[in-house]
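Only the coordinates and a few stated rules stand behind these numbers; no lab work does. Model, not experiment: these values are computed from the prediction. We place every Cβ from the backbone using ideal geometry, glycine too, and count neighbours over all the protein chains shown.
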Amino acid sequence: MIPYCSICWDVDKVKLLDQRRLPAEELYIETRDYHDVIEAIRTLAIRGAPAIGVAAAMGAALGALDLDTQDPGEFQSRFQIICREIAAARPTAVNLFWALDRVLLVAQEHAAESVDAIKAHLVTEAQTMLKEDDTTNRRMAQAGQVLIRDGQRVLTHCNTGALATGAYGTALGVLRAAWEAGKRFSVWVDETRPLLQGARLTTWELGKLGIPYTLIPDGAAATLMHQGKVDLVILGADRIAANGDTANKIGTYSVAVLARHHGIPFYVAAPLSTFDFSLPDGGHIPVEERDAAEVTHLWGQAVAPAGAAALNLAFDVTPNELIAGIVTEKGIMEPPFSSSLKPYRPTQG
Ligand code: MRU
């Protein structure tokens, strides 16, 4: 077993591994204050779409526990305000909003009960979401591991392991399941500028799993593909529109274009909680723009002249026609995604 967890509920507090400190230090943040959870999401102490969803639900539960009213009406309205605050932490990963919708529904479904009972339901729901995420990821991993064959050289971007989820991982979970099934392969890890989730986190996780990897600068993917040294690409998603257009870490679209040019299959792995069926296509996905200082500075050290203009789009959208398949807990969805995803659309979605 992997001796770390991205996030967990510990009696009456949330414990999360501070991913900003990795790989140098394994430090956990422990808090009973939902504002700290918002800050952790905003600053990427916890990150990755499914992990953000679990953090949002746990943050909401902390916020609920802190409400000092016994009046059910007042409780509901103050709880909704807390959820709105959490929703503003980051805009792209839809799991954040999916998780908050779930806890808001739980609060409403139990509205006739005492405030203490509703609080208990919210804590249980947040913990259930963590367990469900583990189960979902393991199912996804089993469905996707058929894509991995002995001797393959697989390229991945950003971080999609246990750190980015409640447990196990999405795209990295697929690789982990393949490895546990006895397949032997290696991984090219894009460093993933500007915040280096590949260099800092994916290498750290692959190392713990014992899966051989080589870290590369993002710009090296083209050459490696041209040299015939990449057999498959698999990575994660932050939000997938109804037609399969996929928002993921900036640089994903470049990898997809490169893969198509070189005839390399490009797969996405994501749970159904990452799909946003209310959006017809990727053009409607809100893309987070982060502080330009994340581009101009590394660890507080300037890497560009003072005052340099910089653009820091945290995500990009890969058009569905570049995607060979989307691995989910319900199996591998194939193009055309509007048809293959149809059975999984919520009825009012
Ligand atoms: O900005 P981040 O680190 O939260 O971005 C994360 C990604 O882009 C991941 O690829 C995505 O959330 C999938 S995580 C299983």
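At-a-glance table
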{"item": "³J(HN,Hα) computed for each position of the range 185-201 - Karplus, 6.51 cos²θ - 1.76 cosθ + 1.60, integer Hz, glycine/proline x", "result": "7, 9, 10, 8, 10, 5, 5, 6, 5, x, 9, 6, 4, x, 5, 8, 10"}
{"item": "Kirkwood hydrodynamic radius of the range 134-185, Cα pairs, Å", "result": "10.8 Å"}
{"item": "Segments 195-201, 22-28, 64-70 sorted - mean Cβ within 10 Å per residue, highest first", "result": "195-201, 64-70, 22-28"}
{"item": "Alpha-carbon gyration tensor eigenvalues x 5, square-rooted, for the range 1-46, Å", "result": "17, 14, 7"}
{"item": "Ascending count of other beta-carbon atoms within 10 Å, so fewest first, for HIS157, HIS297, HIS121", "result": "HIS297, HIS121, HIS157"}
{"item": "Taking PHE337, PHE185 and counting other C-beta atoms within 10 Å, the order from fewest to most", "result": "PHE185, PHE337"}
{"item": "Separation between Cα centres of the range 116-138 and the range 41-57, rounded to whole Å", "result": "15 Å"}
{"item": "Lysine pairs within the chain, Cα separation less than 20 Å, 8 or more sequence positions apart or different chains", "result": "9"}
{"item": "Residues SER278 and LYS229, FRET efficiency given R0 of 41 Å [Cβ-Cβ distance, rounded to 0.05]", "result": "0.55"}
{"item": "For the range 62-112, convex hull volume per residue from C-alpha positions, Å³", "result": "66 Å³"}
{"item": "Contact order normalised by residue count of the range 146-289, Cα under 8 Å, 6+ apart, percent", "result": "25 percent"}
{"item": "Residue among ASN243, ASN95, ASN312 with the largest mean-square fluctuation in a Gaussian network model of the chain, springs linking Cα atoms under 10 Å", "result": "ASN312"}
{"item": "More than 28 angstrom apart: percent of Cα pairs within the range 204-349", "result": "30 percent"}
{"item": "Stretchable slack from HIS262 to GLU74, in nm (0.36 nm times residue separation minus alpha-carbon distance)", "result": "61.8 nm"}
{"item": "The range 156-259 - Kirkwood radius from inverse mean 1/r over Cα pairs (Å)", "result": "13.9 Å"}
{"item": "Share of Cα-Cα pairs in the range 230-284 lying beyond 18 Å, as whole percent", "result": "33 percent"}
{"item": "Translational D in µm²/s for the range 290-349 (Stokes-Einstein at 20 °C, 1.002 mPa s, Kirkwood Rh from C-alpha pairs)", "result": "141 µm²/s"}
{"item": "Per-residue ³J(HN,Hα) for the range 165-177, Karplus 6.51 cos²θ - 1.76 cosθ + 1.60, θ = phi - 60°, Hz, x for Gly and Pro", "result": "9, x, 5, 6, x, 9, 5, 5, x, 4, 5, 5, 5"}
{"item": "Sequence-separation-based contact order of the chain, relative, with Cα cut under 8 Å and 6+ spacing, percent", "result": "16 percent"}
{"item": "Ellipsoid semi-axes in whole angstrom, largest first, where each is sqrt(5λ) of the Cα gyration tensor of the range 262-312", "result": "33, 17, 12"}
{"item": "Residues ARG32 and GLN127, FRET efficiency given R0 of 22 Å [Cβ-Cβ distance, rounded to 0.05]", "result": "0.90"}
{"item": "Dipole of the range 13-121, positive end: most advanced residue of ALA120, ALA24, VAL14 [Cβ charges, Cα centre]", "result": "ALA24"}
{"item": "Inverse mean reciprocal Cα-Cα distance (Kirkwood Rh) of the range 1-154, Å", "result": "16.4 Å"}
{"item": "Binned Cα-Cα distance frequencies in the chain - 20 Å width, integer %", "result": "31, 58, 11, 0"}
{"item": "Compactness of the range 13-102, expressed as Rg and Dmax over alpha-carbon positions, Å", "result": "13.3, 47"}
